[in-house]
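Each remark here refers to the structure printed beneath this line.
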Amino acid sequence: MTDTRTAALGGQEESSRLVPVALVLAGMSAQQFGTTVAALLFPMVGAAGMVTLRQLMSALVLLAVCRPVLRGYSRADWAVICGFGLALATMNGLFYQAVARIPLGAAVTFEVLGPLALSVLTSRKAMSALWAALALAGVALLGRGGLTQLTGSGVAFALGAGAMWAVYILASKQAGTRFPEADGLALAISVAAVLSLPIGIVDAGVTLLRPEALGSGLAVALLCSAVPYTLELLALRRLTAGAFGVLLSLSPAVAALAGFIVLHQQLSPIQMLAIGLVVVASTGAVRTGRSDRRSPRHTSASEEDA
């Protein structure tokens, strides 16, 4: 009887560990498949127009859900929100320009180098250099892997998006310390929507107001912002920030799968190996950074951003 009860408890514990992992993977899949939906709509509204629609709809959804309080904040607090919003607008704008030019899996692989570089630079362990070298090897292999759709401008946009992703992480952490719950994110996305609106209007014009464009923008906003954020928030109640970061390192692989299924973007074995190397490097860098922050010599260091 005791053995049966122990086995049952062990099964429940194992199941409880898998639930947050499944939530993160579901959120990541929603985000990447949402990006493929956005890519399919580029011919209608353009990449910049799609960014505008996504951020406008995301802002409306988050403002309605969070209902952030606007009073009681200093100029420094609002400066953080403006910087956060600028980083968000620039990151999404550059990333969608990249997706319009190169396969989704490759775009996310190049983009993830931004957070990877941030993790390596903020770590004090020599092991971080190994992960950086492995990531660079993966990128070099990706560039030489027969990926004929790879263009210089597409790669540049993806790398720029990666750099802004690193800035976004830092700004998000600052906003999280100054604003409660998701208020900072809701306000930052609102700023991003305002900033991207003129570019979207120039790119798409009145097409942005077509019912099918608005409906598609709402779908992309839900898939790329609202659903992933909600699932990740639930998962973070049971996951450490380090484990969460390791799971997010799988983004290039999930993006490659989404691009293959929805956009029919083929991947050669060499390309899959290249993406795999970047995934391994990102995972290793997150784990190294996590243990580095747990070191007694660095107990004053800030927590990992989720």
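Taken together, the values in this text are just the output of simple stated rules run on the coordinates, not laboratory data. Bear in mind that the values here come from a model prediction, so they are computed numbers and not experimental data. Cβ placement follows ideal geometry from the backbone for every residue including glycine, while neighbour counts extend to all protein chains displayed.
Summary of computed values
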{"read-out": "Residues residue 63 and residue 207, FRET efficiency given R0 of 30 Å [Cβ-Cβ distance, rounded to 0.05]", "value": "0.80"}
{"read-out": "Coarse-grained scattering of the stretch 151-227 at q = 0.16, 0.22 Å⁻¹, given as base-10 log I(q)/I(0) from a Debye sum over alpha-carbon atoms", "value": "-0.86, -1.21"}
{"read-out": "Dmax and Rg, reported as Rg then Dmax, of the stretch 90-190 (C-alpha, Å)", "value": "15.4, 48"}
{"read-out": "Amide N proximity, the stretch 198-240 versus residue 19 label position 7 Å along Cα-to-Cβ, cut-off under 18 Å", "value": "230-240"}
{"read-out": "Trypsin sites (Lys or Arg not before Pro) lying in DSSP loop within the stretch 147-251, provided at most 14 other Cβ fall within 10 Å", "value": "237, 238"}
{"read-out": "Kirkwood Rh in Å, taken over the stretch 18-298 so that all alpha-carbon pairs contribute", "value": "19.1"}
{"read-out": "FRET E, pair residue 137, residue 71, Förster distance 45 Å, beta-carbon r, rounded to 0.05", "value": "0.30"}
{"read-out": "Between the stretch 250-270 and the stretch 103-144, the alpha-carbon center distance in angstrom", "value": "18"}
